[in-house]
Amino acid sequence: ETWTMTTTWPSSLELIETDKHWVKMVNDLVDDDKLQIEFYDGGNIVPAGEVFGAVESGTIQAGADWPGYWAGRDSAFSPLATTASLFNAVDYVNWIQEWGGADLYNEVYGKFGMVYLPYGVTNNESGFRTVNKPIKTVDDLKGLRLRLSGLEQGKLLEKLGGNQVSMAGGEIYQSLERGVIDGAEFSTPNVDYSGGFQQVTKYWSTPGWHQSSSVFGVMINKAAWDALDAETQERLKIAANATMLWSLSFTEKRATEAYGEFKAAGVEIDRLDDAALAQIQQMANETIEEVACQNPLSAKVYASQLSYLKDYSSWRDASAPFNLGRTPNGPDLAKIEACAGQ
Amino acid sequence: MSGEAIALIMSGLLLLGLFMGHPLAFVLGGTAVLGAVIAGKPMVLGIVVNRIFGDVLDNYVLIAIPLFVLMARFLSDSGVTDKMFEALRHLMARVTGGLGLAVVFISILLAATTGIIGASITVMGMMALKPMLQYGYDKKLATGLIASSGCLGILIPPSIMLILMASYAPGLSVGQLFAGAMMPGVLLGLMYAIYVAAIAWFKPEWAPPVRDEEQISRAAMWRLLIVEAVPPLVLILGILGSLLAGIATATEASAIGAVLALLIVISRGRFEWATFYSALLETGRTSAMILFIVVGATAFTGVFNITGGLRASQDLIRGLADDPYMLVAMMLLVVFILGMFLDWTGIVLLSFPIFLPLVNEMGINPLWFVILMAVVLQTSFLSPPFGYALFYMRAIAPDDVSTGDIIRGVFPFILLIISMCVMIILFPSLVTWLPSTLYGG
Amino acid sequence: MGLSEMAETAANFGEASDLPIIRLINGINELVGRIVSVVAIVFAGIIIYDVFMRYVFGSPTRWAFDLSKQLYGFYFILLGGYALRHQAHVRVDLLTERMGHQFRRWTEVAGYLIFFLPFAWVFTRRSWDFAMTSLKQGEVTYGAVQLPVYPLKIAMFVAAALLLIQGVAEVLKLVLNKTDHLEPMEPMDVR
Ligand code: NA
Ligand code: NA
């Protein structure tokens, strides 16, 4: 078998490293007569927004993505990609591996004739970078035109008084420079730095409450997956798990380096205080409840995530301060379970 | 089937279709389909529709193309150009070579207000060619000058060519390309002016001054200049100003430009519903023509890539040139040769996917390279056998001007374009200075 | 206006020609072209309204970006058949100009058969699947403003079909020797 695989990321973005890492590992682990993956950088085969359609139709066998791009086809893709002020990267790993998350990826992608292997996690995104007005409090968001991805994220920003502007990654730099937008979020600090944002923004507001962590992975056409023998399938999964762990520490290391580079470039970094974050948490919860209750499948994913948080909280909180992350004061689980029809 | 074989077959089909006189858009699209089938991968045809939708329909930057076309049409309907030319013609009448200089300066101004070339060549040809020949200008100089100066419109911003280039060059924005093309474009125009002045100096019989009875009073001339030249200047400020000052994106600037041009038409009492409607229809046909070449090219590139043709072509180029300057020279030569047969749309769309990854690989500044290519593409309008500007001039020129005159006429200007390229290679800051001042980095 | 009346109006846009099918196809694309060409003014207006609202009132629209982009998509793709009907698609007529009328005619027919028809067929067939998938999924844009995407994908299929039938009409014109564009074409476009 030979698979053609592409990704949503152009070669200029560091996010593509995760995809290449997995592809290389698969090509090393699997005998050439069983499977070979021919990988093409984003945009070379199909434009980013069309990777989903190309895998779904079987034109290509595999496509690397960030699931949130497909929220327009089913809003349940959104919580598979990121959450507003809920999960950190370790939460995603826990949930995917041991609390039933992996099945939900396959259920949602399965609706479209695909199998999904999550193989990348990155922790908190940078947050907003603004041209000439710092965001130190929630009030500072009012009236700002901010580039932001995502359905829940946009609704949450609107509740906070800002305006969501959707634009492709490649247009952000110019729009910031020309003042078409007041600020933008893009990705983790290392990816932002490679985009040159330190040249066009003076202020950086952390943390990235809109996208507390992110998942990346590969969509595989179901027919192509079924054509593999069980052992090859298992090797693909092993490569995915290994890549996921690598991606976490790789990005955190790179983000740390980039944080220093942003400071050195003279960017003023302000962290929102805990009271502001509590207020945002409240509104994020409302947004999640609203969005989840418009789509039972989305509610099912959120319900599973919230059940995990609740379940894990007993031990996580008991092991403080040596625990992994925090138990957020999240949305109402019972309400979302009701919306999921459970 | 190997990548080399498929690259050869698809190039062959492309040439066949072109020489059969079939529309470029469908030669590209058809070659994509045939290439996929011949390569034994008909299943990859699915990407054709994915690419057409994602690259061409769902593309905010390309909105500017129909709007800049519409603006050019409104501007030519407004009659502003005629008046401007009249004013400058009188201003420079007493000077040897003055009429020729007026053609260059008006063309630079027109170039800075419109993004397309046909309009300016036609308008300038209609207005300037007759008086130039009448006052004894050399046929070759007159036609060559009008044709070459008219082509500046696609180099000096705004330009639909630069918009399309930005849309196909990852990481380069329309604003950067506009800023980068500004100095080379204007300098090239000035080189044309210096050339005309030199001819007028050394061979005054080729570019004689205008006779006295044609001249009008100074007052009338200044009135003409101030009343007639102001509107287009407002337009330039409206478009480039809003774009460079950060008020608007290129797409927004194109909409502002179209509406400003319409307002000029109305303010001059030249508005008629019938003309307005035919401007819309003509813009529709032109935009569809340009954008369908993009449709065909995106299909072609996708299949060329996935069947291995693209990699094979890049390996071939890599094998021939290992030094960055050598590589750039070779790619520019390819563009120049393609320019004899194809128009800029096809050249940009076919060569960018092959060239730009190599440019990045070699550590060459992509902005610099793209602008160099834009300058070389000026020749694609002028080089025989297939050059738009030659056709336009042929259509406008009287019968005693032969096609040979026109071709001999543009030849010195092709040399000037090549010297401009050499200057950009020697002094890269001609391209990079303005973008880095405006945009940093 | 009833459907039959519309078809008649459409047919009247076509030039007199023997085959009703050619008149009908010409007419349909002419009608589509004359209506769709006006859309340029609409998206120009939307973009300017958005710029105005942003800088004068400081309150940009939520919808202008996606809507103007979609209208532009509708606009140019639906004009493909109309442009073909007017032979506005750019071609290299170096050799064909020098050919005799008959040879040139059949060369043009061959061009349509080798290049145009395979492309237009794949474009039509595949965009049908593409549009129907989107329609079934009720696909919308993925930000806070959820604009439906399937109308544009359906328009792409319609445009492909309009292009395909116009190509068929052009082949028929060539075969029946009813073309009017075979004379050396003056460059008509405004590039
Ligand atoms: Na221009
Ligand atoms: Na040429």
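What are the residues in segment C:138-149 that are more than 8 Å from every other protein chain (Cβ to nearest Cβ) and either touching a residue at least 40 places away in the same chain (Cβ under 8 Å) or in a helix (DSSP H, G or I) (or both), if any?
C:Leu147
Looking for whichever is over 19 Å from B:Ala193 (Cβ atoms), touching a residue at least 40 places away in the same chain (Cβ under 8 Å), more than 16 Å from ligand 2 (Cβ to nearest atom) and outside any loop (DSSP other than H, G, I, E, B) here; the options are B:Leu145, B:Leu133. Which one fits?
B:Leu133
Here is a check on your reading of the model: is B:Thr275 touching a residue at least 12 places away in the same chain (Cβ under 8 Å), crowded, with 17+ Cβ neighbours inside 10 Å and among the β-branched types (Val, Ile, Thr)?
It is false that B:Thr275 is touching a residue at least 12 places away in the same chain (Cβ under 8 Å), crowded, with 17+ Cβ neighbours inside 10 Å and among the β-branched types (Val, Ile, Thr).
Considering segment B:261-296 alone, what residues qualify as being more than 10 Å from chain C (Cβ to nearest Cβ) and in a helix (DSSP H, G or I)?
Passing the criteria: B:Ala261, B:Leu263, B:Ile264, B:Val265, B:Ile266, B:Ser267, B:Trp273, B:Ala274, B:Thr275.
Return yes when C:His101 is open to solvent by 20 Å² or more (accessible area, probe 1.4 Å), more than 11 Å from chain A (Cβ to nearest Cβ) and at negative phi and no when it is not.
So C:His101 fits the description; yes.
Cβ-Cβ below 8 Å, separation at least six or inter-chain, first residue in segment A:85-103 and in contact (Cβ under 8 Å) with a residue 40 or more places away in the chain, second of a type in the set (Asp, Glu) and surrounded by fewer than 18 Cβ atoms within 10 Å (Cβ to Cβ): which pairs?
From segment A:85-103, the pairs are A:Trp99/A:Asp311.
Conditions tested, residue by residue: (1) more than 28 Å from C:Trp106 (Cα to Cα); (2) open to solvent by 10 Å² or more (accessible area, probe 1.4 Å).
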| residue | (1), (2) |
| --- | --- |
| B:Ser2 | yes, yes |
| B:Ser11 | no, yes |
| B:Val37 | no, yes |
| B:Ile47 | yes, no |
| B:Leu67 | yes, no |
| B:His90 | yes, yes |
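Residues are listed down the side, and each one gets a yes or a no for (1) away from every other protein chain (no Cβ under 14 Å); (2) in a helix (DSSP H, G or I); (3) surrounded by fewer than 24 Cβ atoms within 10 Å (Cβ to Cβ); (4) touching a Lys or Arg at 6+ places or on another chain (Cβ under 9 Å):
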{"position": "B:Phe74", "(1), (2), (3), (4)": "no, yes, no, no"}
{"position": "B:Phe85", "(1), (2), (3), (4)": "yes, yes, no, no"}
{"position": "B:Val95", "(1), (2), (3), (4)": "yes, no, yes, no"}
{"position": "B:Leu99", "(1), (2), (3), (4)": "yes, yes, no, yes"}
{"position": "B:Ala102", "(1), (2), (3), (4)": "yes, yes, no, yes"}
{"position": "B:Gly115", "(1), (2), (3), (4)": "no, no, no, no"}
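Go through A:Gly154, A:Gly161 for me and flag whichever is open to solvent by less than 40 Å² (accessible area, probe 1.4 Å), within 14 Å of chain C (Cβ to nearest Cβ), part of a helix (DSSP H, G or I) and farther than 21 Å from A:Val267 by Cβ.
Residue meeting the stated conditions: A:Gly154.
Is it true that B:Leu415 is in a helix (DSSP H, G or I), more than 14 Å from ligand 2 (Cβ to nearest atom), away from every other protein chain (no Cβ under 14 Å) and in contact with a Cys (Cβ under 7 Å, 6 or more places away or on another chain)?
No; evaluated as a whole, the condition is false for this residue.
Output the residues belonging to segment B:109-123 that are near ligand 1 (Cβ under 9 Å from one of its atoms) and polar (S, T, N, Q).
B:Thr113, B:Thr114, B:Ser120
Quick one: which residue in B:Gly29, B:Gly17, B:Gly12, B:Gly21 is in contact with a Lys or Arg (Cβ under 6 Å, 6 or more places away or on another chain) and either facing another protein chain (nearest Cβ under 7 Å) or not in a loop (DSSP other than H, G, I, E, B) (or both)?
Testing whether each residue is in contact with a Lys or Arg (Cβ under 6 Å, 6 or more places away or on another chain) and either facing another protein chain (nearest Cβ under 7 Å) or not in a loop (DSSP other than H, G, I, E, B) (or both) leaves just B:Gly21.
Considering each residue of segment B:330-385, count those that are on the phi > 0 side of the Ramachandran plot and within 16 Å of ligand 1 (Cβ to nearest atom), and give that number.
So the answer is 0.
Out of C:Leu152, C:Leu135, which single residue is surrounded by 17 or more Cβ atoms within 10 Å (Cβ to Cβ) and either at the interface with chain A (Cβ under 8 Å from one of its Cβ atoms) or not in a loop (DSSP other than H, G, I, E, B) (or both)?
Exactly one of C:Leu152, C:Leu135 is surrounded by 17 or more Cβ atoms within 10 Å (Cβ to Cβ) and either at the interface with chain A (Cβ under 8 Å from one of its Cβ atoms) or not in a loop (DSSP other than H, G, I, E, B) (or both), namely C:Leu152.
This table checks each residue for (1) within 30 Å of B:Ile236 (Cα to Cα); (2) modelled with pLDDT of 90 or more; (3) in contact with a Pro (Cβ under 6 Å, 6 or more places away or on another chain).
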residue: B:Ile264; (1), (2), (3): yes, no, yes
residue: B:Leu280; (1), (2), (3): yes, yes, no
residue: B:Phe292; (1), (2), (3): yes, yes, no
residue: B:Ile317; (1), (2), (3): no, no, no
residue: B:Leu320; (1), (2), (3): no, no, no
residue: B:Pro324; (1), (2), (3): no, no, no
residue: B:Leu332; (1), (2), (3): no, yes, no
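Counting only residues that are in contact with a Leu (Cβ under 9 Å, 6 or more places away or on another chain) and of a type in the set (Gly, Ala, Ser), give me the helices (runs of 4 or more DSSP H) lying completely in segment A:42-112 with at least 2 of them.
A:101-110
The values are calculated or read from the model by the stated rules, or taken from the named source; none is laboratory data. Every value quoted in this text rests on a predicted model; they were computed, and no experiment measured them. All Cβ positions, even for glycine, are placed from backbone atoms using ideal geometry, and neighbour counts span all protein chains on display. Areas reflect the complete protein model, heavy atoms only, side chains present, ligands, DNA and RNA absent. Shrake-Rupley method; radii C 1.70, N 1.55, O 1.52, S 1.80 Å.
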